[in-house]
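Written out below as structure tokens is the structure these notes cover.
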Amino acid sequence: MLRFLTPVLLCLSLFSATANAQSDQTLFERGVEVGNAGDYIRAFALIRQAAEGGHAPAQYTLGTMYSFGQGVELSKADAMIWFERAASQDHPIALYNLGLYYDLGIGVAQDRTRALAWYRRGAAAGEPLAAYNAGHMMLTADGVPRDAAEGLRLIEQSASAGAADAQASLGYIFEVGYGVGKDPARALDYYAQAERNNLGGAADRRLALASGVLEEGIALELDGRGADALRLQDLACRYGQYYACFNAGRLRFEGRLVPRDVAGALERLRVACDRLLEAACRLRTEAVLSGADATPADRERSSVYLGRLCSEADARACHNLAVIRMSPAFGTPDPDAAMKLLARNCIERGFNASCEPYYAMYNSSLLQRSASSTAGMSILEEGVLAIMSVAADGLSALSATGRYSSGAYGGYSAFSPPSTMTYSAYSPADKANFSNFMDSIRYPTVQCRSGNPYC
């Protein structure tokens, strides 16, 4: 049994009541005050007086005090009496607690049908825990007749009210297709919501599913289905799988299976490069060198990246760094620095692509040009830059072999979200897996992880 099964604890400071009479409201507020100060005996007397006057929040509070023995001897039977009085006025948590008592047989004989009735009344009154329990019972036929459509609706109601367990449940339901068509986009969204609400296991589930979507995207790319592959890589990227961000950028930049979109490529490659993914930084730099409408940050990061590679004796990186030093898009051209890079590349490293622009600069005495000049480039300088840029093509030379796999997921079966929701049959084993999933995901809370679009 995986639903919320812990009665709502007394938290006197949270009650904001509407009084049947001003005196009852005053008594209730005073009871809350002394209860929060730790004097439960005085609080019990004040709150009981308000409850006897018909004040619904006081009746509910009195039920919790009997339920936990706060200021009075513990009595589940008396707790039931006061919960029922509050429930008669549609107090949401009182309705939920009555459902819980019949669900577990607390102080009464277990009666799942009556439990569901109370839960559904609580859901109608706006209590998310009641909506989740009712939804789960109906979806899984847990002691009541199965009604998958209504069960799903109630769990979604609970999730929309911020109940993390309901959000995680929906993530699982749409990930594995538990009675519905598989829909990884909705599953990822629900896992991210649960994670934002500090349900610790949701983060691992989000990333694992995003990795599976990435792998499915790679499989679709190998089948030549570029648009479908890109859609999945974008989805996995949105939910924190940064290898997918690289793949989405690469597909757009290559322009083989989808229309070439350098601006869109840069957007994805920035994300992956910022996560220190080497191939993404390299391809981002290539996109910038290709003349993409880059941001100042793109240009700065590309310059730093090429400088690092050049310092590690990467001749192609040194050549492209020379391109940057000559390009007005990267600031005032610096022919001296460009020529030194080209000379070392040509003479010391034998990188032939650097030789022609180096000798052209040397023979034209471009070395004498002031690096601080802001005048337009001469026709000769433009020609040299054109020669250099041709050699810059193919910086990363990434092809189909450059796909990035997460390496952490055994595969995700192909999916085709239905146009209308359908409910399929599932076995007792499926139900057990659902329960095991909820048990496994409820470990101590953690901070919302990077990659969650809600964080």
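The values are calculated or read from the model by the stated rules, or taken from the named source; none is laboratory data. Remember, predicted model here, so these are calculated numbers, not experimental data. With ideal geometry, Cβ positions are generated from the backbone for all residues, glycine too; neighbour counts draw on all protein chains shown.
Details
- Of the criteria (1) within 30 Å of VAL213 (Cα to Cα); (2) modelled with pLDDT under 95, which one GLY143 fails: (1)
- Single unsatisfied condition, GLY200 versus (1) surrounded by 24 or more Cβ atoms within 10 Å (Cβ to Cβ); (2) modelled with pLDDT under 95; (3) not aliphatic (A, V, I, L, M): (1)
- Residues of the range 309-333 classified as over 16 Å from ALA292 (Cβ atoms) and assigned to a loop (DSSP other than H, G, I, E, B), total: 6
- Taken together, the residues in the range 135-158 that are under 22 Å from ASN97 (Cβ atoms) and over 27 Å from the mean Cα position of the chain (by Cα) amount to 5.
- Evaluation of ASN352 against (1) closer than 17 Å to PHE246 by Cα; (2) surrounded by fewer than 19 Cβ atoms within 10 Å (Cβ to Cβ); (3) of a type outside the set (Gly, Ala, Ser) (one fails), failing number: (1)
- Residue check, THR61 crowded, with 24+ Cβ neighbours inside 10 Å, assigned to a helix (DSSP H, G or I) and in the same structural domain as LEU27 (by TED's automatic domain parsing): yes
- Qualifying residues in the range 85-121 (those that are among the hydroxyl-bearing types (Ser, Thr, Tyr) and crowded, with 16+ Cβ neighbours inside 10 Å) - the one farthest from MET138 (Cα to Cα): TYR101
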